[in-house]
Amino acid sequence: MNQDKLNFYDAVQRAQSGDKESLLHIINAFQPIIQRMRYQVSPQERDDLSQSIVEGLMIKILNYKLKDMPTYSEFCRQLLGNE
């Protein structure tokens with residue numbers, strides 16, 4: 001699988017179907033953020049924090065309801081408060 005061409009929607013869909021490589025692709029995309037967050041806690045807590053964040057991401061990814069995702073127009077209406 002070419003990770004550069006895989007978008008998040010497809011990756012989530014595949015991850016929810018059991019594709020571990022897609023799940024890893026999504027988690028890897030968040031690594032820069034995770035690394036920045038690690039430095040906000042003491043050194044002895046960094047590994048635990050990383051593990052907790054990855055675990056939370058996995059839960060959110062696997063349970064995210066793709067069918068409830070708004071279209072671009074719906075998203076704009078929500079931002080403007082015109083629901």
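The values are calculated or read from the model by the stated rules, or taken from the named source; none is laboratory data. Every value quoted in this text rests on a predicted model; they were computed, and no experiment measured them. Please note: Cβ atoms are built from the backbone with ideal geometry, for glycine as well, and neighbour counts cover all protein chains shown. These area figures cover heavy atoms from the full protein model, side chains too; ligands, DNA and RNA do not enter into them. Shrake-Rupley method; radii C 1.70, N 1.55, O 1.52, S 1.80 Å.
Miscellaneous remarks
- The residues in segment 9-31 that are among the hydroxyl-bearing types (Ser, Thr, Tyr), under 15 Å from residue 60 (Cβ atoms) and open to solvent by 50 Å² or more (accessible area, probe 1.4 Å) can be counted, and the count is 1.
- Some residue of segment 58-81 being touching a residue at least 60 places away in the same chain (Cβ under 8 Å), of a type outside the set (Ser, Thr, Tyr) and surrounded by 10 or more Cβ atoms within 10 Å (Cβ to Cβ): yes
- Residue match in segment 32-50 (condition: open to solvent by 70 Å² or more (accessible area, probe 1.4 Å), in contact (Cβ under 8 Å) with a residue 24 or more places away in the chain, outside any helix (DSSP H, G or I) and of a type in the set (Phe, Trp, Tyr)): no
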